[in-house]
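The values are calculated or read from the model by the stated rules, or taken from the named source; none is laboratory data. Treat the numbers as computed from the prediction; the structure is a model and nothing was measured. Quick reminder, even Gly has a Cβ in these numbers, built from the backbone with ideal geometry, and neighbours come from all protein chains shown. Note: areas computed on protein heavy atoms with side chains; ligands, DNA, RNA excluded. Shrake-Rupley method; radii C 1.70, N 1.55, O 1.52, S 1.80 Å.
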Amino acid sequence: MRSYRLEGTGGIESLVLRDEARPEPGAHEIVVRIRATSLNRRDTMILNGAYPLTPRQGVVPLSDGAGEIVAVGAAVTRFAVGDRVTGSYFARWIDGRIHAGLVDQLGCTLDGMLAEYAVLDEQWTVRLPDHLDWQEAATLTCAGLTAWNAVTGAGIPKPGQWVLVIGSGGVSLFALQFGKLLGCHVAAVTSRGEKADRLRALGADLVISTSDMPQWGAAVRDQTGGIDLVVETGGPATFTQSLIASTLYGHIVLLTLQDAKGGSIQLPAALYQRSLATISRLFVGSRTNLEAMLRAVSQHRLRPVIDKVFAFTEAGDAYRYFQQGDVFGKVIIDGA
Ligand SMILES: NC(=O)c1ccc[n+]([C@@H]2O[C@H](COP(=O)([O-])OP(=O)(O)OC[C@H]3O[C@@H](n4cnc5c(N)ncnc54)[C@H](OP(=O)(O)O)[C@@H]3O)[C@@H](O)[C@H]2O)c1
């Protein structure tokens, strides 16, 4: 079988295509024929040596992928050959709170999805909704689950309240879709005004171009009455404006602390003194969270947004395209 491996963290050159024996499952394992994978920001950070968790030398990259089971181990009880599945980001985190013993991640410390076949413990695996094609199904593990937990994990927003999403990246588009699914109003800011119509078409009730209005926080607050939940993916560039946009008891889920140049979030004390906003953090989510999200995706027949699809042999081009940043939706690498 063909399999990409990360031989170091020196950028695209570290991504190496290998020919290997087709894997056999251990007693509690399944073998999945991977039909599609997708890229997340963390995958470029891992590739470039900028991710907080050190990847295993020679690891198969990518947390997000989808495929059908072609072999099961003798002790497997949760799945059968033919089931359509994806993996859970923190593979060993089944439920409850994460702790130091559960930090292993697919595509970082554990072999991920950018291969013809993936071997997964059956406990690391979840069944996919029937209405999604392979490419759509390959987008949910990281950005999808992060957005789901940001929008549902804090107890707000309630229907009719306002959610703010920053930009049109993977997490933000899912957060927009989940916000609408929950009956909320959604505001979006984007650094590329030309994406405004596409954000509106996806359901955004208010879109502001940050290049036209760099100090957008007050305008968002005035036009919405104050944001109830911010899915803060912008980091240092947007955090202060997000705080200004928030209602008195707003909630900001802080997903990005630093920018690519090493700049860090600064808490604007004078501003925060006048606010009762809660600032919280999260790490993607558990398998139980993933199963809850997939039930909602299935129930509402939600369809992830896809920007562009690359062939398996073009994985390097897919990384390059994703890294340049001007995308709207997920970048897919088809199965081998
Ligand atoms: N803590 C966690 O569990 C967790 C999980 C997943 C992701 N994250 C973090 O969340 C962030 C987003 O992840 P992602 O996968 O969605 O990344 P992504 O797909 O690369 O999205 C980044 C988007 O942010 C927007 N943006 C960049 N600079 C901006 C600015 N100055 N003002 C407004 N928007 C700006 C851009 O959208 P426009 O072109 O529309 O401006 C860009 O497409 C990353 O920092 C990632 O590390 C954290």
Inset, instruction - Quick one: count up the residues across the range 164-179 that are open to solvent by less than 10 Å² (accessible area, probe 1.4 Å), β-branched (Val, Ile, Thr) and within 9 Å of the ligand (Cβ to nearest atom). - result: 0
Inset, instruction - Would you mind finding the one in 164, 182 that is modelled with pLDDT of 95 or more and under 23 Å from residue 41 (Cα atoms)? - result: 164
Inset, instruction - Please note which helices (runs of 4 or more DSSP H) are completely contained in the range 264-336 and include at least 1 residues that are crowded, with 20+ Cβ neighbours inside 10 Å and of a type outside the set (Ser, Thr, Tyr). - result: 287-299, 315-323
Inset, instruction - Identify all residues within the range 68-91 that are within 18 Å of the chain's Cα centre (by Cα) and of a type outside the set (A, V, I, L, M, F, W, C); write none if there are none. - result: 86, 87, 88, 89
Inset, instruction - Report yes if residue 102 is over 17 Å from residue 291 (Cα atoms) and either outside the structural domain of residue 297 (by TED's automatic domain parsing) or modelled with pLDDT of 95 or more (or both), otherwise no. - result: yes
Inset, instruction - Check residue 246 against each of (1) of a type in the set (Gly, Ala, Ser); (2) open to solvent by 30 Å² or more (accessible area, probe 1.4 Å); (3) away from the ligand (no atom under 11 Å from the Cβ) and name the one condition it does not meet. - result: (2)
Inset, instruction - Would you mind stating whether residue 222 is open to solvent by 30 Å² or more (accessible area, probe 1.4 Å), within 13 Å of the ligand (Cβ to nearest atom) and acidic (Asp, Glu)? - result: no
Inset, instruction - Go through the range 191-213 and count every residue that is loosely packed, with under 15 Cβ neighbours inside 10 Å and touching a helix residue (DSSP H, G or I) at 6+ places or on another chain (Cβ under 8 Å). - result: 2
Legend entry - Pick from the range 106-125, criterion open to solvent by less than 10 Å² (accessible area, probe 1.4 Å) and in contact with a Ser or Thr (Cβ under 6 Å, 6 or more places away or on another chain), ranking: nearest to residue 65 (Cα to Cα): 113
Inset, instruction - Looking only at the range 5-27, decide whether some residue is basic (Lys, Arg) and either in contact (Cβ under 8 Å) with a residue 40 or more places away in the chain or surrounded by 18 or more Cβ atoms within 10 Å (Cβ to Cβ) (or both). - result: yes
Inset, instruction - Those residues that are away from the ligand (no atom under 13 Å from the Cβ), loosely packed, with under 15 Cβ neighbours inside 10 Å and of a type in the set (Gly, Ala, Ser), I need them from the range 28-63; list them, please. - result: 49, 58
Inset, instruction - Could you please find all residues in the range 56-97 being closer than 21 Å to residue 138 by Cβ and polar (S, T, N, Q)? - result: 63, 86, 88
Inset, instruction - Give just the number: which of (1) near the ligand (Cβ under 10 Å from one of its atoms); (2) open to solvent by 10 Å² or more (accessible area, probe 1.4 Å); (3) farther than 15 Å from residue 329 by Cβ does residue 216 not satisfy? - result: (2)
Inset, instruction - Search the range 132-156 for residues being in a loop (DSSP other than H, G, I, E, B) and buried (at least 22 other Cβ atoms within 10 Å of the Cβ), and hand back the single one that is farthest from the ligand (Cβ to nearest atom). - result: 132
Legend entry - Among the residues listed as 66, 75, 80, the single one being crowded, with 18+ Cβ neighbours inside 10 Å, hydrophobic (A, V, I, L, M, F, W, C), at negative phi and at pLDDT 95 or above: 66
